[in-house]
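Here the structure is laid out as structure tokens; the discussion comes afterwards.
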């Protein structure tokens, strides 16, 4: 503890400070004076430590809390329980955290983010379970692959979920489709727990790859409320696209980011799920694609099968005008069968550097 640190914090609070940001940088600074912080509305701790003296947590005005690589001498739920109006919580775990469970239980929380470890090659010392029980939660972002398991409960208000996880913990761990272990059941429960979400953002192709594995075991639930999906697909995973969309029967908006790479020459998108034929209104395809025969299969698939499609967008990164003329793109697109006569096609060229 820095000499006089708690007194300095108390002085700041007495002067009316409501925003507190403490970064201990290269050394851990333990903090144990929370009873002074009754007026704080925003708290960010980085590389700090939390101690647990009797009755130390009560922050009745705190709405925003950001805890980054904090060393705990207390349980997270003890801290959260002392914040009755907390609305937003961001966590970045310390890899040396000794606790086997992180409990996020609160009625007031609306936004929760779990950030990835700064060094992806650092492994947590203990297996850790994250439990989220937040009936008021509207937005959840998960980006830490070193959590051993994630348990969600009562996410009845969830609107948006952002996933950047591959659903395994540790190194060299692979999912065996035919070995439905307890771990697989936990992941199935997690997916069912977020199945009421309305907007899903999958920001990493590794998450889509995990979905592909689990779908082969019948573990992907129906996302009946999902109306908007943003997902990153590697080219070779496009074969999984119809099966994934089958789980989204009421989807209206799709933003598809396709990573260039080797594509299976035998790729055929033949299955047409309900959302493609009946509900999909807007599709945007991003990333740099060579618009050759076989490389426009995603575009052709949606134009040819979507009866109510209103807009299809090839974004500014969909092609490079230095390599392909816009007129050539239009010529190719106009040859494609279009099931929805009123569908507007928009082509946005990549901006030159």
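Taken together, the values in this text are just the output of simple stated rules run on the coordinates, not laboratory data. None of the values given here were measured: they were computed from a predicted structure. As a convention, Cβ positions derive from the backbone with ideal geometry for all residues, glycine included, and neighbour counts pool all protein chains shown.
Some notes on this structure:
- Distance between the pseudo-spin-label points of residue 7 and residue 281 (7 Å out from Cα toward the beta carbon): 6.3 nm.
- Here the simple spin-label model places points 7 Å from the Cα toward Cβ, and for residue 85 and residue 307 these points are separated by 5.1 nm.
- Extension gain for residue 339 to residue 189 (0.36 nm times residue separation, less C-alpha to C-alpha distance): 50.2 nm.
- Label-point gap, in nm, between residue 44 and residue 127 - each point 7 angstrom along Cα→Cβ: 3.5 nm
- Residue 148-residue 75 FRET efficiency (beta carbon distance; Förster radius 22 Å; 0.05 resolution): 0.80
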